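The structure appears right after this line, and notes come after that.
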Amino acid sequence: MTIRLHDYWRSSASYRVRIGLNLVGLGYEPRSVDLIKGEQRGGTHLERNPQGLVPALEIDGLLLTQSLAILEYLDETRGAGWLPPNAAGRARVRAIAQAVAVDIHPICNLRVARHAEATGGIPMTEWMGHFIPLGLEGVEGLLARGETGRYCHGDTVSLADICLVPQVYNALRWNVSLDPFPRIRAIAEACEALPAFAAAHPDKVMPK
């Protein structure tokens, strides 16, 4: 059965799922949902995801939404090992992952930043320049304690790394310096050297 990923090339949430699919070696058919054109609000996509968001993944006869839910499904069904075997380790990995996906990403979502610009007169670059470093400061603090190694948790790629790398891409896109966040920068560089991460990069999947 064909696996189909409905995504947008620059979407952080979609980027996470592309990384996950690559890591477990699952080929997929990409289906672009152009957020700039508003295709996510069209009837066809709303049938897939009533939230009008990406990604949506067709796999195993299911239609899955929400990137963290999709990644945990892949972890559970494909034995990816993105969560540590012990409860404390799983809690730590989930905390770092959610610090990105739940705390930073929603505030810096394009529709939120656009609304702030349209209604509050806050330039998008200023919005991103405030909230992204604020969020990354917290993540850097989490990485300063616990079992940080080559990656967010030890020397094995985890759910936290899959969430962190797209956020780093987004930070650089908005000219946020990573100099204050040496742990984040080092982990991102280590991850980006892996083929599964490199192949998922927006520059590699952007429409021609």
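The values are calculated or read from the model by the stated rules, or taken from the named source; none is laboratory data. Because the structure is predicted, anything quoted here is derived from the model rather than measured. We place every Cβ from the backbone using ideal geometry, glycine too, and count neighbours over all the protein chains shown. For accessibility, only protein heavy atoms count, side chains too; no ligands or nucleic acids. Shrake-Rupley method; radii C 1.70, N 1.55, O 1.52, S 1.80 Å.
At the listed q of 0.14, 0.24 Å⁻¹, the Debye profile of segment 87-158, built from one uniform point per Cα, gives log10 I(q)/I(0) equal to -0.52, -0.99.
When each of the peptides 186-195, 159-168 is scored by the mean number of other C-beta atoms lying within 10 Å of its residues, the order from highest to lowest reads 159-168, 186-195. If you take every residue apart from ALA144 with its C-beta less than 14 Å away from the C-beta of ALA144, what net charge results, scoring Lys and Arg +1 and Asp and Glu -1? Around ALA144, the charge tally is +1. Here the relative contact order of segment 1-158, from alpha carbon pairs under 8 Å that lie six or more residues apart, stands at 18 percent. Projection of the Cα convex hull of the chain, averaged over all directions and equal to a quarter of that hull's surface, yields 11.7 nm². Each of MET128, PRO50, ALA186 was placed along the dipole of the chain (beta-carbon charges, centred on the mean Cα), and the one lying farthest toward the positive end is PRO50.
When only the Cβ of Lys, Arg, Asp and Glu is charged (+1, +1, -1, -1), the dipole of segment 49-192 relative to its Cα centre reaches about 160 debye. Were the residues from ARG150 through ILE107 laid out at 0.36 nm apart, the gain over their Cα-Cα distance would be 12.7 nm. With a simple spin-label model that places each label point 7 Å from the Cα along the Cα-to-Cβ direction, the separation between ASP60 and ARG114 comes to 3.4 nm. Segment 150-208 and segment 1-41 have their alpha-carbon centroids 17 Å apart.
Considering only alpha-carbon pairs that sit under 8 angstrom and 6 or more positions apart, the relative contact order computed for segment 42-120 is 12 percent.
Note on the chain: GNM, Cα springs under 10 Å; of LEU134, LEU57, LEU71, the largest mean-square fluctuation is that of LEU134. Of the solvent-accessible surface of the chain, computed with a 1.4 Å probe over protein heavy atoms with every protein chain present, carbon and sulfur atoms account for 53 percent.
Over the residues of the chain, the helix contribution to mean residue ellipticity at 222 nm works out to -16000 deg cm²/dmol, using -39500 (n - 2.57) for each DSSP H run of at least 4.
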